[in-house]
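Right, one structure below, let's go through it.
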Amino acid sequence: MAMRIQLILFVSSLLMALGWFPLTFAYGRGPAQPVETTVVIEGMVYCQSCDAYGSWSLSGAKPIGSAKISVICKDHKKRVNFYKAFETNAYGYFYAELQGYKMGHSYLDHPLQSCHVKLVNSPQENCNVFSNINYGINGAPLRFEDKVIDRSDYKAVIYTAGPLAFRPTYCPPK
């Protein structure tokens, strides 16, 4: 009886091993490695309309392609622990992946508290004056709008900043 149980266990384990082997090693892949979660900040950069000059309104604003913004993160002791400039696409949209950003303290160094987005440069000569719309000069705070990408090969938590805006260099009197 004991011999029979050992034989059943041996055959069962052999079948499991043979059934498992092709799934994991047939193509040179081992068990899946965990994918590190990337912190991402997205937003838009606009040129404010002359009609909205002096306000925070973006009514009539046009997106600025190739505008530069920066992401600055500070640790809980107010030391800069991440800085990188990013460029908007042709539609004024930026998707800033914070490659290398590390949180030292889970709450105090969390991106919502420690990171801000600032305007850096506008390629448009007629719209390159900094505005503080949504704190683009002082540093726009981040918002979490429940956007997460969770695929087998890429994981990201996406925060939003802005929208940010430059002002026209000249607006005719009304």
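The values are calculated or read from the model by the stated rules, or taken from the named source; none is laboratory data. Owing to the predicted nature of the structure, the values given are computational and were not obtained by experimental measurement. Because the Cβ atoms are built from the backbone with ideal geometry, glycine has one as well, and the counts that use them run over all protein chains shown. All accessible areas refer to the heavy atoms of the entire protein, side chains included, with ligands and DNA or RNA removed. Shrake-Rupley method; radii C 1.70, N 1.55, O 1.52, S 1.80 Å.
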Considering segment 65-121, residues that are at pLDDT below 85 and of a type in the set (Phe, Trp, Tyr), and then whichever is most open to solvent (accessible area, probe 1.4 Å), we arrive at 107
Could you please let me know if residue 97 is acidic (Asp, Glu) and farther than 24 Å from residue 125 by Cα? yes
Could you tell me whether residue 62 is within 19 Å of residue 159 (Cβ to Cβ) and in contact with a strand residue (DSSP E or B) (Cβ under 8 Å, 6 or more places away or on another chain)? no
